[in-house]
Ligand SMILES: NC(=O)c1ccc[n+]([C@@H]2O[C@H](COP(=O)([O-])OP(=O)(O)OC[C@H]3O[C@@H](n4cnc5c(N)ncnc54)[C@H](OP(=O)(O)O)[C@@H]3O)[C@@H](O)[C@H]2O)c1
């Protein structure tokens, strides 16, 4: 599939991977609707608007505010008169040990990593159905493969998003809507700045964005990268659980046993 000239709504476009995606798509002559909580004030997105006049719309959107979303969806849909591709890239991450759990952080990760996509798809579905074609691309995470110590608040809603995508794909395809997921590993953004361990296969946000743009042009349901981390997590997922849990027990920080 060629993406040149397509209209793409990137939700989560002001930082990290989403910002690189917005710029890469503009370079490919796409029209971009860029959203985040402060998209209209984002200096980087405003710069893109100056460099690509008439090609990018900035629309503020907080996916945690469900009742505020219907008018946002209307605005995003009507700006370029329809949307070819909806790209859900919102995510939030807070590693937590059971000794420092915060319920608000669990709730926020549920909103960003799962429910936000549900809210948006609920509003977008009738529009895509009427349009008769389209593509949805959800940025999930390799973390959805297996719950790792301290990361469950992030990976559990990502696993839910992945499961939802599998469940929706067949029906959506009957309506000529192709749903794809990206499961990638560590990317150098403000999210991974919270990690205090060596990150296997850490890549730049631009590298990740380039691979996501490539995935947009292929018909594969799931795109996974990088290979090394993907293989490790796929193995953990497929091994007998007692074996996988034996390995993840080894990942606990030493201080937890003191
Ligand atoms: N970085 C990694 O290693 C990694 C690995 C696997 C998967 N991913 C996934 O890749 C995606 C992008 O991650 P990233 O690392 O680029 O993160 P990031 O730099 O924090 O960017 C996240 C984007 O989402 C927006 N956002 C956050 N909360 C929002 C909300 N409530 N409503 C609307 N927009 C919101 C942010 O803008 P505002 O804060 O301005 O709203 C920002 O534009 C996420 O889905 C993440 O889970 C990342």
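Could you look through the range 188-202, keep only residues that are more than 8 Å from the ligand (Cβ to nearest atom), in a loop (DSSP other than H, G, I, E, B) and out of contact with any strand residue (DSSP E or B) (no Cβ under 9 Å at 6 or more places or on another chain), and pick out the one that is nearest to residue 93 (Cα to Cα)? For the range 188-202, the residue satisfying everything is 195. If only residues of the range 104-145 that are in a loop (DSSP other than H, G, I, E, B) and within 13 Å of the ligand (Cβ to nearest atom) are counted, the one that is farthest from residue 195 (Cα to Cα) is 140.
When 215, 208 are checked against the criterion of being near the ligand (Cβ under 8 Å from one of its atoms), within 23 Å of residue 30 (Cα to Cα), modelled with pLDDT of 95 or more and in a helix (DSSP H, G or I), 208 stands alone in meeting it.
Candidates are the residues of the range 11-29 that are surrounded by 24 or more Cβ atoms within 10 Å (Cβ to Cβ) and more than 6 Å from the ligand (Cβ to nearest atom); the one that is nearest to residue 76 (Cα to Cα) is 11. Of all residues in the range 91-103, those satisfying the criterion of being away from the ligand (no atom under 13 Å from the Cβ) and either part of a helix (DSSP H, G or I) or touching a strand residue (DSSP E or B) at 6+ places or on another chain (Cβ under 9 Å) (or both) are 98, 99, 100, 103.
In the range 206-221, the residues that are without any contact (Cβ under 8 Å) to a residue 24 or more places away in the chain form Cβ pairs under 9 Å with partners that are surrounded by 19 or more Cβ atoms within 10 Å (Cβ to Cβ) and assigned to a helix (DSSP H, G or I), at six or more places apart or across chains, as follows: 207/20. Looking across the range 221-230, the residues that are surrounded by 12 or more Cβ atoms within 10 Å (Cβ to Cβ) and out of contact with any helix residue (DSSP H, G or I) (no Cβ under 7 Å at 6 or more places or on another chain) come down to 222, 226. Criterion applied to 82, 5 was being in contact with a strand residue (DSSP E or B) (Cβ under 7 Å, 6 or more places away or on another chain), assigned to a loop (DSSP other than H, G, I, E, B) and surrounded by fewer than 19 Cβ atoms within 10 Å (Cβ to Cβ), and the one residue passing it is 82.
The values are calculated or read from the model by the stated rules, or taken from the named source; none is laboratory data. Source: prediction; values computed, not measured. Cβ atoms come from the backbone with ideal geometry, glycine included; neighbour counts cover every protein chain shown.
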